[in-house]
């Protein structure tokens, strides 16, 4: 039986971090690893679409302090086809020709206590194996990934539309899962109009929760309330007392849960004040610059507040997040831009002007497929 | 030609106890072929077994009691401890170095390891991703002494990512003592984890004087439960009480009053949970009767020949009972078991016998004469 086979060019496009805090370099002739270069367990993926995330901004500024050796190809959200699998790869669950997704975690060991307990994002291996942060990422025509960690993409999903699920989707899905909220509960989503937030709203609605969308501006309001099913809206710029407004929006008692997918510490601290007793704050956003959550203990204890840090998700969360999309219950709102615009997209993210997600078309239109 | 290191000279043949025909004693061979290191497929390793535990399930496998039709001839045995003597050239994660790697999790030649019922799991399917390795279809097809060669042998092939690293803190002299942890220990421990009891509550352990049961008493006490030990005979009674059981009920002596006696022993209302580690259907059916309201029955023992649990539905609903099937445990459960051993909270009571006595041992197990566990010194 003929296996699909692909011609792998010697060079291709890659958006590369060459110096922290600077724009990425757009290389047209970045060397592409050959099959022989791949170590057992690795695969080469021809990327069709790659997402751009606020974290990418922080990574390129080295705001998280990983200080990975440069040059490094950026980007950690992508979908493409496997064009090659390393020789001596054992028991690969994927094969050449499969459509797969890449995400923040490029690889976890699957053996340590964290992995055995399903906390794959906490595996020590992930620190040095994160796409676009410590290993080469997805803003490139050919990305190296690991066969036991790439995500098979269900048939019938559009690649561009599914790309943001690989990071924004799984992250918010897992966060809502961890919020302890059950059907009929109120959940506040901060940053509700953004890349993560707009997906969080939909996952929450799909899970039977009543959503209070928190963000700013008419277009985000329209998205959240009229299109995505959020029941209430609070504009944090227009509101004179955000905490009071959110408490009132949730039947006067405050929401049972809050998922904070924002890049500033303020919404995290506000959530502590508007949560209902025994409520859960799920912290998802990663503000840069040493942002702090300051918890008054006299509030924490009597109100029995739960505070949970949530980081992406494991392979099971990923499969579930995609399955919900495949069922038509969550749709990503995105704009496609070209690979060359990556630096402009990062600037727009910094300015906070992006609604939904931006997905970069990676494939070079001049190259035959 | 493979270039990986080999710990010692590996002979071309060695001893093995083999199922050649169901319902017959194992054939003891002294020149069974030993797989060569170069024949190991990616991901596999060769282990020299030092100690092998004997389990009632080995009898069921030998007699094909579960209708599993093992691919005979097959080397029997599924509980073992030994040393890795060779590792396949590929598929063992040899390439990766990273900071913070947990000590000892990357198995290499010379390491002491344990082998258990499940020899491998894929770690990728939904069951594995949900932490339910024992439901993995690869695991179910890769069981030592049942589907692939087992531990009643000097050398056996296993999987580098699935053998259990033995913690450094366990001295070599304790290796025979911990061998039964690899099956009996992890199985009864996992059952107690899923029994829904809280510290201070009553758990009844059926078969309490046996291989699984006597370990169960110790795990249960370490987990803060109060234990009703159920078994029969003076020697098992004294064993169970010496291990910390809070109450003892002899199922033969109590006769028709058995169910009431268990309820009386467990605070008058019956235990909050029952773990049945017996290869006979009766104790399962009795547990449904003596359990406290909202109690949980954890089924661990595997009777041969189609034993059934017959639950009156109105009783199940009126008592709002939970019934759970539990099969061995995962790598995480196994690590936790060995951690309890390192802490000194659980010790296996065992008898050391010679490999050549394996058939006699099976007969003794079948006759219900064995307290604790029998471990063969290989």
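Every read-out reported here was derived from the displayed coordinates using simple, explicitly stated rules and does not represent laboratory data. Computed from a prediction, not measured in an experiment: that's the story for all the values here. Don't worry about glycine lacking a Cβ; one is built from the backbone with ideal geometry, like all the others, and counts go over all protein chains shown.
Which value results when the Cα radius of gyration for region B:185-325 is divided by 2.2 N^0.38 Å?
0.93
Gaussian network model of chain B, Cα springs within a sub-10 Å range: biggest mean-square fluctuation belongs to which of B:68, B:329, B:53?
Ranking B:68, B:329, B:53 by mean-square fluctuation puts B:68 first.
Within region B:58-89, find all residues whose amide N lies under 15 Å from a label point positioned 7 Å from the Cα of residue B:8 along Cα-to-beta-carbon.
Only B:81-86 fall inside the zone, counting backbone N under 15 Å.
In nm, give the distance between the simple-model label positions of residue A:278 and residue B:168, each being 7 Å from the Cα along the Cα-to-Cβ direction.
Here the modelled spin labels are 4.6 nm apart.
Cα centroid distance between region B:94-135 and region A:94-140, in Å?
Taking the Cα centre of each part, region B:94-135 and region A:94-140 sit 17 Å apart.
Counting DSSP beta bridges in chain B, what percent are antiparallel, to the nearest 5?
Approximately 55 percent, going by the DSSP bridge assignments.
Per the helix-only calculation at 222 nm, which mean residue ellipticity applies to chain A, given -39500 (n - 2.57) for every DSSP H run of n ≥ 4 and division by its residues, nearest 500 deg cm²/dmol?
-6000 deg cm²/dmol
Could you list log10 I(q)/I(0) for chain B at q = 0.09, 0.10, 0.11, 0.12 Å⁻¹, which the Debye formula gives when each Cα is one point scatterer?
Those come out to -0.51, -0.62, -0.75, -0.88, one per q.
Taking Cα atoms, how many degrees apart are the long axis of helix B:331-342 and the longest axis of chain B, rounded to 10 and kept between 0 and 90?
80
First measure r as the distance between the Cβ atoms of residue B:254 and residue A:180, then evaluate 1/(1 + (r/R0)^6) with R0 = 56 Å and state the FRET efficiency to the nearest 0.05.
So the FRET efficiency works out to roughly 0.80.
Counting only other chains, and only Cβ atoms inside 10 Å, what mean value do you get across the residues of A:122-131?
Going residue by residue through A:122-131 and averaging, the value is 3.
Classify region A:169-309 from the C-alpha gyration tensor, please: rounded if a/c falls under 1.5, else prolate or oblate depending on whether a/b exceeds b/c.
It comes out rounded by the Cα gyration axes.
Please list log₁₀ I(q)/I(0) at q = 0.06, 0.11, 0.12 Å⁻¹ for chain A, using the Debye equation with identical point scatterers on the alpha-carbon positions.
The calculated log intensity ratios at q = 0.06, 0.11, 0.12 Å⁻¹ are -0.22, -0.73, -0.86.
Just rank B:54, A:224, A:122, B:128, fewest to most, by other beta-carbon atoms within 10 angstrom.
Placing the least packed residue first, the sequence is A:122, B:128, A:224, B:54.
Quick one: order B:248, B:117, A:139, B:66 by neighbouring beta-carbon count within 10 Å, fewest to most.
In increasing order of surrounding Cβ atoms, one gets B:66, B:248, B:117, A:139.
What residue among B:229, B:191, B:367 has the largest mean-square fluctuation in a Gaussian network model of chain B, using Cα springs under 10 Å?
In this elastic network of chain B, the residue with the biggest mean-square fluctuation among B:229, B:191, B:367 is B:367.
Be a star and scan region A:59-75 for residues whose amide nitrogen sits under 19 Å from the point 7 Å along the Cα-to-Cβ vector of residue A:21.
Zone members listed by number: A:59-72.
So what is the relative contact order for chain A, in percent, with contacts set as C-alpha pairs under 8 Å and at least six apart?
After rounding, I find 18 percent.
With viscosity set to 1.306 mPa s at 10 °C, what whole-number translational diffusion coefficient in µm²/s follows for region A:22-107 from Stokes-Einstein and a Kirkwood radius over Cα pairs?
Here the translational diffusion coefficient equals 109 µm²/s.
Please report B:20, B:151 as a ranked list, fewest other C-beta atoms within 10 angstrom at the top and most at the bottom.
B:20, B:151
Let's test the formula: R0 of 30 Å, r as the Cβ-Cβ distance of residue B:36 and residue A:39. What FRET efficiency results, to the nearest 0.05?
Efficiency at R0 = 30 Å is approximately 0.70.
When chain B is treated as a GNM, springs tying every alpha-carbon pair under 10 Å, which of B:259, B:163, B:276 comes out with the largest mean-square fluctuation?
So, out of B:259, B:163, B:276, the one fluctuating most is B:259.
Just to verify a number: FRET efficiency for residue B:63 and residue A:299, C-beta to C-beta distance, R0 = 60 Å, to 0.05?
The value I calculate is 0.40.
Does a label point 7 Å from the Cα of residue A:348, set along Cα-to-beta-carbon, have any residues of region A:34-69 with amide nitrogen under 20 Å, and which are they?
A:48-61
Beyond 38 Å, what share of the Cα-Cα pairs of the protein assembly as shown is found? Please give it as a whole percent.
So the pairs more than 38 Å apart make up 48 percent of the total in the protein assembly as shown.
How much mean residue ellipticity at 222 nm does chain B get from its helices, if each DSSP H run of length 4 or more adds -39500 (n - 2.57) and you divide by all residues, to the nearest 500 deg cm²/dmol?
-6500 deg cm²/dmol
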